[in-house]
1. Which residue pairs have Cβ atoms under 6 Å apart, sit 6 or more places apart or on different chains, and have a first residue in region 156-175 that is in contact (Cβ under 8 Å) with a residue 24 or more places away in the chain and a second that is in a loop (DSSP other than H, G, I, E, B) and of a type in the set (S, T, N, Q)?
2. Filter region 122-165 down to residues that are modelled with pLDDT of 95 or more and among the polar types (S, T, N, Q) and give me whichever is farthest from residue 52 (Cα to Cα).
3. Here's a check for you: in region 188-207, which residue that is surrounded by 17 or more Cβ atoms within 10 Å (Cβ to Cβ) and touching a helix residue (DSSP H, G or I) at 6+ places or on another chain (Cβ under 7 Å) is nearest to residue 112 (Cα to Cα)?
4. Which of (1) farther than 19 Å from residue 143 by Cβ; (2) assigned to a helix (DSSP H, G or I); (3) within 19 Å of the chain's Cα centre (by Cα) is the odd one out, the single condition residue 198 does not satisfy?
5. Can you run down the residue pairs with Cβ atoms below 6 Å, 6 or more apart or on separate chains, where the first is in region 183-198 and free of Cβ contacts under 8 Å to residues at least 24 places away in the same chain and among the hydrophobic types (A, V, I, L, M, F, W, C) and the partner is surrounded by fewer than 15 Cβ atoms within 10 Å (Cβ to Cβ) and in a helix (DSSP H, G or I)?
6. Go through region 153-181 and give me each residue that's surrounded by 12 or more Cβ atoms within 10 Å (Cβ to Cβ) and among the hydroxyl-bearing types (Ser, Thr, Tyr).
7. Go through region 130-141 and count every residue that is within 14 Å of residue 179 (Cα to Cα) and either surrounded by fewer than 17 Cβ atoms within 10 Å (Cβ to Cβ) or in contact with a Ser or Thr (Cβ under 7 Å, 6 or more places away or on another chain) (or both).
8. Considering region 47-83 alone, what residues qualify as being outside any helix (DSSP H, G or I), farther than 27 Å from residue 212 by Cβ and touching a residue at least 60 places away in the same chain (Cβ under 8 Å)?
Amino acid sequence: MPKKLAVNGRTVWVEEEDFDDVCEMFKENVTVVDLEKGNGAIHGKARHYLSLSPPDLVQSAEKTWFAAVYAVKKLYLTCGGVSSLGLFKPRICGLSSLGLLKRSLSLPRGRLGVDLKSHNSLKFFARFAIKHAELSDDVFWHLHDSWTKAEKMYRDVYGSCNFRVSEYAQIISDVETFVLKFEAFDRKSLWIEFDKAFISGNNPDVVIRKESHSINLGGSLFKCDYSVFV
């Protein structure tokens, strides 16, 4: 049965028996994600709850929101260095696999992840990452719009009714694109911009606390050096 993968943000289909061989073909700095695992499974759940009769919009909205949150938090947890402690031991093109493939980054060791601690910090730094990703205008505004939709989905969990049932499928697809693009962002470049603006620099709206700790995100444990509040 074919498996659905994302390669640097682009969706491809690969026969399951060819999975290992295909991964061996990629360079180490290519991001490969099994969309049937990890965040891809979250989108599957969002679609599942939408397909019920009647649709479970609360659960569908919650899973859509969580997929966007997962993408943003994971990006910053891994932007300062390779910091996963490996409750999962993902495959990096040639190593043992549990399905979700993580980027191998040539970043300096000893600089660890950034833990976004509040809803405002997620919003602020989602847009910060988009701003510094060198995107085309179309992609830039699509990602901005997708994050806004994800936030409205979060409010729908609590009964805001921002969207009609007929709009949910497209929003789930838009957020899935958001997730894939965030997986492909250059973490080294993002860290440089983050360090320049908030560690070496000074932003009165952003509180950076230097504190080493670990965070469990979606079953993987990440080690962090910074907590961030906005």
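The values are calculated or read from the model by the stated rules, or taken from the named source; none is laboratory data. Please read all numbers here as calculations on a predicted model, not as lab measurements. Glycine gets a Cβ as well: all are built from the backbone with ideal geometry, and neighbour counts include every protein chain shown.
1. Here the result reads 156/162, each pair linking region 156-175 to a residue that is in a loop (DSSP other than H, G, I, E, B) and of a type in the set (S, T, N, Q).
2. Here the residue is 136.
3. 190
4. Going through the list (1) farther than 19 Å from residue 143 by Cβ; (2) assigned to a helix (DSSP H, G or I); (3) within 19 Å of the chain's Cα centre (by Cα), residue 198 breaks only (3).
5. Once the first residue is free of Cβ contacts under 8 Å to residues at least 24 places away in the same chain and among the hydrophobic types (A, V, I, L, M, F, W, C) and sits in region 183-198, no partner that is surrounded by fewer than 15 Cβ atoms within 10 Å (Cβ to Cβ) and in a helix (DSSP H, G or I) comes close enough.
6. If the condition is that a residue be surrounded by 12 or more Cβ atoms within 10 Å (Cβ to Cβ) and among the hydroxyl-bearing types (Ser, Thr, Tyr), then 154, 160, 168, 173, 177 are the ones that fit.
7. 2
8. Result: 55, single match.
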